[in-house]
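Student: Shown below is the structure under consideration.
Derivation of every value follows stated rules applied to the coordinates shown; laboratory data play no part. Not measured: the values here are computed from a predicted model. No Cβ is skipped: glycine too gets one built from the backbone with ideal geometry, and neighbour counts run over all protein chains shown.
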Amino acid sequence: GSSNTEKFYRIPEGKGPHSVGCTDLMTENAAEGSFLRLYYPSCNATENEEAPWIPDKEYYHGLSDFLNMYRIVGERLFQYYVGSVTCPAKSNAAFKSGEKYPLLVFSHGLGAFRTIYSAICIEMASQGFIVAAVEHRDESASATYYCKRKSVSEPQEESTSNMEKEWIYYRKLKSGEEERSLRHRQVQQRAQECIKALNVILEINSGEEVMNVLNSNFDWNLLKDSVDTSRIAVMGHSFGGATVIESLSKEIRFRCGIALDAWMLPVGDDIYQNSIQQPLLFINSEKFQWADNILKMKKLGFNDTNKKMITIKGSVHQSFPDFTFVSGELIGRFFKLKGEIDPNEAIDISNHASLAFLQKHLSLKKDFSKWDSLVDGIGPNVIPGTNIDLSPAQPE
Ligand SMILES: CCN(CC)CCN(C[C@]12C[C@](c3ccc(C(F)(F)F)cc3)(C1)C2)C(=O)Cn1c(SCc2ccc(F)cc2)nc(=O)c2c1C=CC2
């Protein structure tokens, strides 16, 4: 549709009691550093602008690579359709200090990046979470960058900073390359990056000086003593769901996990031996389900009550990332960015079930238990477990 119809397709605002701010953090000038977008409860900052949803045109180039489009085409298409989209969080708004907030680390999917799950991250922040949406440097993101000090030789106009962005683009699978080993290597790096992000936030919480190579006027010191260090969880979509499982197995400080439409291929067999001890919630879309994937989820052991699985009826894989909100009906249907269920209804079910699960396993003192029935798959448009038939093929 034309841009004016898109205007009515906005990313939903947070529905919780807090206003939401967001800011970007990149530590050290190397790919080994941490790069994340922080969504947080903010003071009611009317003067701050909403943050740009896709902040650099290089993300359009990466998306074009990922979607097998020419960059020259992709850049214009994305610029026209989503170039003016902002996410409903105030850029660099002052952090609301004075209470301790639980922490969520969020891991994006294949071909995605840190800013395109803002409907989920903003809702969680509005409900009183600090959310660190990491951007992975494992070449699974459409695009990401790190900052490099400019070599002295280049002309240093005083206006521009002495930093330049070194871009890392999505790595396509090479012909003949075995996908499983590439994805298994990547999911290990992704888990390390989630743990690194956790450590950076905890350092900030302890009042250590933050070295943020991205110059912004955000005051990181306000986060001192603001993280509830005993209430930390990890969440992710698709490849990010596999990253949740890997992160839980590697880091006990992640007290529980939520995997949205987890893609189980990258998860190594070792995980199933010493299975995950922490509580884990699988929230699946109706369409992204096949026996092998579901069987691997079940292999993690659903006998104990702290492993749960629900399916949102009428939803699709893209019901979790933000594109489901910003695409018009036509494009949305064509690219399967929308299912039969209204995108806002689907994300509400996912977010409410997540909040109820987090309240139970992080022992939060909120009223999220009103959504407990959703975690048991009881409610409109939700069913317990999976909607596919797992019984082995019956002989003809
Ligand atoms: C093209 C061939 N193929 C490359 C491997 C991509 C095939 N594909 C289905 C797509 C992503 C699709 C998409 C997006 C976005 C528009 C847009 F136009 F709206 F921008 C259009 C069309 C194309 C739906 C997926 O990969 C699905 N998927 C995803 S999609 C995460 C994502 C990425 C970029 C976004 F902008 C939004 C969401 N994350 C995963 O972790 C996993 C999978 C599959 C297994 C593991």
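Student: Of the residues that make up segment 40-50, is at least one closer than 16 Å to THR23 by Cβ and within 16 Å of the ligand (Cβ to nearest atom)?
Tutor: Filtering segment 40-50 for residues closer than 16 Å to THR23 by Cβ gives 40-43, 45, 47-50.
Then keep just the ones that are within 16 Å of the ligand (Cβ to nearest atom); that gives none.
Among the residues of segment 40-50, not one is closer than 16 Å to THR23 by Cβ and within 16 Å of the ligand (Cβ to nearest atom), which makes the answer no.
Student: GLY83 versus (1) at positive phi; (2) of a type in the set (Gly, Ala, Ser); (3) away from the ligand (no atom under 12 Å from the Cβ): which is the lone unmet condition?
Tutor: (1)
Student: Might you let me know whether segment 201-220 holds any residue that is within 16 Å of the ligand (Cβ to nearest atom) and among the hydroxyl-bearing types (Ser, Thr, Tyr)?
Tutor: Taking segment 201-220 first, the residues within 16 Å of the ligand (Cβ to nearest atom) are none.
Within segment 201-220, none of the residues are within 16 Å of the ligand (Cβ to nearest atom) and among the hydroxyl-bearing types (Ser, Thr, Tyr).
Student: If you don't mind, there's one more thing I want to ask. Just name the residue that is nearest to the ligand (Cβ to nearest atom) out of those in segment 315-340 that are surrounded by fewer than 17 Cβ atoms within 10 Å (Cβ to Cβ) and not aliphatic (A, V, I, L, M).
Tutor: If we take residues in segment 315-340 being surrounded by fewer than 17 Cβ atoms within 10 Å (Cβ to Cβ) and not aliphatic (A, V, I, L, M), then PHE335 is nearest to the ligand (Cβ to nearest atom).
Student: Is at least one residue of segment 223-245 among the hydrophobic types (A, V, I, L, M, F, W, C), more than 20 Å from the chain's Cα centre (by Cα) and more than 22 Å from GLN289 (Cβ to Cβ)? Lay out the reasoning, then the answer.
Tutor: Here is the first cut: in segment 223-245, the ones among the hydrophobic types (A, V, I, L, M, F, W, C) are 223, 227, 232-235, 239, 242, 244-245.
Those still in the list that are more than 20 Å from the chain's Cα centre (by Cα) too: 223.
So of that shortlist, the ones also more than 22 Å from GLN289 (Cβ to Cβ) come out as 223.
There is at least one residue in segment 223-245 that is among the hydrophobic types (A, V, I, L, M, F, W, C), more than 20 Å from the chain's Cα centre (by Cα) and more than 22 Å from GLN289 (Cβ to Cβ).
Student: In segment 236-266, what count of residues is obtained for those that are within 16 Å of the ligand (Cβ to nearest atom) and surrounded by fewer than 24 Cβ atoms within 10 Å (Cβ to Cβ)?
Tutor: Counting residues in segment 236-266 that are within 16 Å of the ligand (Cβ to nearest atom) and surrounded by fewer than 24 Cβ atoms within 10 Å (Cβ to Cβ) gives 3.
Student: Sticking with this structure for a sec: Go through (1) under 26 Å from ALA112 (Cα atoms); (2) over 20 Å from the mean Cα position of the chain (by Cα) one by one and return the number of the condition LYS299 breaks.
Tutor: For LYS299, the exception is condition (1).
Listed here are the residues, each with its yes/no results for (1) free of Cβ contacts under 8 Å to residues at least 60 places away in the same chain; (2) within 19 Å of the chain's Cα centre (by Cα).
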site: ILE258; (1), (2): no, yes
site: VAL267; (1), (2): no, yes
site: ILE276; (1), (2): yes, no
site: ILE294; (1), (2): no, no
site: LYS313; (1), (2): no, no
